[in-house]
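All remarks here apply to the structure that follows.
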Amino acid sequence: MARTPQAVAVRWDGGVLTYRGLEERADRLAARLAALGVGPEERVALLMERSPEVVTAVLGVLKAGAVYVPL
């Protein structure tokens, strides 16, 4: 990511998301989760359709120090 932040990280029918964009979205989600008290040893359930947002959600949960539980 550091060497190629503009490279495509996620591609779908509606567009693309770069590594920088993915990192920024995941960081915002992680900060929001931390503000809600999510941290180490916490579980976050994810019930989502297959989409680019799933990638962001998984990464955000992991960045918050928690684990995700796919439903």
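For this structure, a couple of remarks:
- For the chain, a crude dipole built from +1 on the beta carbon of Lys and Arg and -1 on the beta carbon of Asp and Glu, taken about the Cα centre, is about 160 debye to the nearest 20.
- Helix 19-35 and the longest principal axis of the Cα set of the chain meet at an angle near 20°.
- Carbon and sulfur %, accessible surface of the chain computed with the full protein complex present, 1.4 Å: 53 percent
- Longest segment of the chain lacking trypsin sites (Lys or Arg not before Pro) that sit in a DSSP loop with at most 14 other Cβ atoms within 10 Å: 4-49
- Share of Cα-Cα pairs in the chain lying beyond 21 Å, as whole percent: 27 percent
- Mean-square fluctuations from a GNM of the chain, with a 10 angstrom spring cutoff on Cα atoms, peak among VAL55, VAL38, VAL16 at VAL16.
- Site pair ASP13 and VAL69 shows an inter-label distance of 3.2 nm when each label is modelled 7 Å from Cα along Cα→Cβ.
- Exposed loop sites, defined as GluC sites (Glu not before Pro) outside DSSP H, G, I, E and B with at most 10 other Cβ atoms within 10 Å, are absent from the longest region of the chain, namely 1-40.
- Taking amide hydrogens as placed 1.01 Å from N in the peptide plane, the amide H of ALA9 sits under 5 Å from those of LEU17, THR18, TYR19, each at least 5 positions away in sequence or on another chain.
- Axis of helix 52-63 versus longest Cα principal axis of the chain: the two differ by about 50°, to the nearest ten degrees.
- On full extension, the segment bounded by THR4 and ALA35 gains 8.1 nm, given 0.36 nm per residue less the C-alpha separation.
The values are calculated or read from the model by the stated rules, or taken from the named source; none is laboratory data. Since the model is a prediction, treat every value here as computed from it, not as a measurement. No Cβ is skipped: glycine too gets one built from the backbone with ideal geometry, and neighbour counts run over all protein chains shown. The protein model used for the area step is the full one, side chains on, heavy atoms only, and it has no ligands, DNA or RNA in it. Shrake-Rupley method; radii C 1.70, N 1.55, O 1.52, S 1.80 Å.
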